[in-house]
1. Going through region 44-81 one residue at a time, which ones are of a type in the set (Ser, Thr, Tyr) and within 14 Å of ILE29 (Cα to Cα)?
2. When residues of region 46-64 are filtered for being surrounded by 14 or more Cβ atoms within 10 Å (Cβ to Cβ) and not β-branched (Val, Ile, Thr), how many remain?
3. Being at pLDDT below 90, under 23 Å from the mean Cα position of the chain (by Cα) and in a helix (DSSP H, G or I) narrows it down to one of GLN131, GLN127, GLN166, so name that one.
4. Filtering region 105-116 down to residues that are touching a Leu at 6+ places or on another chain (Cβ under 9 Å) and closer than 14 Å to ILE157 by Cβ, which residue is surrounded by the most Cβ atoms within 10 Å (Cβ to Cβ)?
5. Look through region 125-137, keep the residues that are touching a Lys or Arg at 6+ places or on another chain (Cβ under 9 Å) and more than 19 Å from ARG108 (Cα to Cα), and return whichever of them is surrounded by the most Cβ atoms within 10 Å (Cβ to Cβ).
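The values are calculated or read from the model by the stated rules, or taken from the named source; none is laboratory data. Because the structure is predicted, anything quoted here is derived from the model rather than measured. Every residue, glycine among them, receives a Cβ derived from its backbone with ideal geometry; neighbour counts consider all protein chains shown.
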Amino acid sequence: MTPKPLSTEFVQEFTRVQRPLYLYILAQIGSVTDAEEILQEANVDIVAKCDQFEPGTNFLAWARQIATFEILQWRQGKARDRLRFSDEFVSAIAHEAAEHSETSESERNALEHCLKKLRPSDRKLIQSRYQPGSSGKDLAEQLGRPANSVYQSLGRIRRMLLECIQRQLALRSDPT
């Protein structure tokens, strides 16, 4: 029997939910390696059950259900471990992770939008500051500017970003 081809809509939704689904799993598991493994197993099930998804419904919620079964199966395999959380605790964490991942995704999208609106020089300054291993003092030395001047510029840019993000989130949550 040949597998049913996946629709373009299904593939787009499947791709879109990978990061939130991974974060949902990771919040419950705590181990990056185990979370990646569980995500792979969940992805196999999601694709195998593609004909059970009803277009127009919440794909992420549907995928989370499948991932939850994979998490439970993984936990059963780990039942012999000395450190084991109760099902109620894990369920509460899963609920929080589901709510938080949607909020985090909205915030990340708003941040990306707002970063694009910055002047190129401000965007470069913010990106340089938040490179791994970078500090404000190092950045000031690279730019040949007093550290206090760089910190003031970064503070101004952060305030602009915060205000922009808050406006974006308010616009997205306003149903009118």
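1. Passing the criteria: only THR68.
2. Looking only at that region, the number is 7.
3. After ruling out the rest, the residue left standing is GLN127.
4. Per the criteria, the residue is CYS114.
5. Only one residue fits best here, namely GLY136.
This table checks each residue for (1) in a helix (DSSP H, G or I); (2) closer than 23 Å to GLU88 by Cα.
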| position | (1), (2) |
| --- | --- |
| PRO5 | no, no |
| GLU13 | yes, no |
| ARG19 | yes, no |
| GLN40 | yes, no |
| ASP45 | yes, no |
| PRO55 | no, no |
| LEU60 | yes, yes |
